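Read the figures in this text as sums done on the coordinates, not as results from a lab. Small disclaimer: the values here were computed from a predicted structure and weren't measured. Glycine also receives a Cβ, built like all others from the backbone with ideal geometry; neighbour counts cover every protein chain displayed.
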């Protein structure tokens with residue numbers, strides 16, 4: 001089973017030559033090249049999610065009760081139709097009022113959410129839960145509280161979990177420590193890879209790694225991590241986003 005997390009960079013015309021319409025075809029090409037069975041995107045506006053759904057007929061986006069909104073950015077799951085059957089799922093906001101749409105708490109700069117689905121993957125004898133999220137980029141307290149909410153949710157699930165996203169924090173940070181528990185492990189660490197600059201997933205559309213390894217795939221210990229890689233694909237010096245996608249191959 002191949003899993004990919006991909007921060008799309010939201011549609012922002014102020015990005016100039018790196019605006020979404022200039023790079024969206026490259027995003028599609030990378031997804032088609034790596035063919036993840038489960039894809040988790042972040043920062044996608046409704047127009048971006050719609051574009052990917054149109055250009056990737058082999059995938060279905062999971063949008064449980066989501067209302068079309070041209071402004072907000074939502075983490076979104078896509079499933080490869082030939083490999084995955086969706087059983088059920090939902091979404092909730094990472095706030096003190098998780099059922100209130102667009103709610104935020106603590107020092108969170110923006111509303112943040114998690115989207116999850118229970119699915120059956122081809123050749124897997126048991127259902128799994130896949131989830132995607134995007135923690136706040138400004139509020140350190142918010143990130144820790146949001147991580148604690150996700151950790152509490154995870155221990156209530158009976159099926160094995162794969163959690164992916166842009167966590168806006170470094171490995172071994174409080175948010176990372178909260179999430180790396182008996183229920184989840186870091187697939188990068190499972191491959192004994194280091195967290196030096198070559199692992200950093202944020203850049204400024206120039207391919208030069210910045211900040212830290214912000215994009216993670218966390219998985220239940222029942223999964224064997226066969227491979228994990230940061231995707232540095234680019235074309236003529238242009239990159240599909242200001243984050244590198246991250247891919248993990250899991251056996252079950």
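Rounded to the nearest 500, what is the chain's calculated 222 nm mean residue ellipticity when only DSSP H runs of at least 4 contribute -39500 (n - 2.57) each, over all residues?
Working: 5 runs with 51 residues, N = 252.
When only DSSP H runs of four or more count, the value is -6000 deg cm²/dmol.
Rounded if a/c is under 1.5, else prolate if a/b is larger than b/c, else oblate: which is the stretch 142-252, with a ≥ b ≥ c the root eigenvalues of its Cα gyration tensor? Taking the square roots of the gyration eigenvalues as a ≥ b ≥ c, the stretch 142-252 is prolate. Going by a ≥ b ≥ c, the root eigenvalues of the Cα gyration tensor, does the stretch 1-109 fall in the rounded group (a/c under 1.5), the prolate group (a/b larger than b/c) or the oblate group? Here the stretch 1-109 falls in the oblate category. Let a ≥ b ≥ c be the square roots of the eigenvalues of the Cα gyration tensor of the chain; is it rounded (a/c under 1.5), or, if not, prolate (a/b larger than b/c) or oblate? Since a/c stays below 1.5, the shape of the chain is classed as rounded. Residues of the stretch 146-167 with the amide nitrogen closer than 17 Å to a label point 7 Å from the Cα of residue 137, along Cα-to-Cβ, please. 165-167, by backbone N distance to the label point. Centre-to-centre separation between the Cα atoms of the stretch 35-61 and those of the stretch 123-151: 19 Å. For the peptides 244-251, 64-71, the ranking by mean Cβ contacts within 10 Å, running from highest to lowest, is 244-251, 64-71.
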